[in-house]
Amino acid sequence: MSTSHKKCQSCGMPLKRDAQGGGTNADGSKSTTYCSHCYERGKFLQPDISVQGMQTIVRRKLVEFGMPGFLTGFFTKGIPRLERWQQQAK
């Protein structure tokens, strides 16, 4: 996974908004695929979460940050198409 992404391929957060600059790979290098909220030391922080569970968490966070609830569905509808969830579907 050497491809660099604009958003986390687990939760959809823009990687440029990640205060940590991204998650970390097993070797300690920065992940260009996943954010620090989802990925650390080469592992998902919530390995057993479902795509629906991730959408729920992201919706709650968006509301916490002041986004109107009706908009959260728009921002979370693409989560099932992210790399992490596509790999699980196979």
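Readers should treat all values here as calculations from the given coordinates under stated rules, not as data from a laboratory. No experiment lies behind these values; they were computed from the predicted model shown. Don't worry about glycine lacking a Cβ; one is built from the backbone with ideal geometry, like all the others, and counts go over all protein chains shown.
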Open item on the list: List the chymotrypsin sites (Phe, Trp or Tyr not before Pro) within region 9-65 that DSSP assigns to loop and that have no more than 10 neighbouring Cβ atoms inside 10 Å.
Closed with: Phe65
Open item on the list: Under 8 Å for C-alpha pairs, at least 6 residues apart: give me the relative contact order for the chain, rounded to a whole percent.
Closed with: 26
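Could you give the length gained by full extension between Arg17 and Leu71, i.e. 0.36 nm per residue of separation minus their alpha carbon distance, to one decimal place?
On the way: separation 54, 0.36 × 54 = 19.44 nm, distance 1.89 nm.
Stretched fully, the Arg17-Leu71 segment lengthens by 17.5 nm.
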Task: aspartates and glutamates whose Cα lies under 15 Å from that of Lys6, excluding same-chain neighbours fewer than 8 positions away - done: Asp18, Glu83
Open item on the list: Between Glu83 and Glu64, what is the label-point separation in nm under the 7 Å Cα-to-beta-carbon projection?
Closed with: 2.5
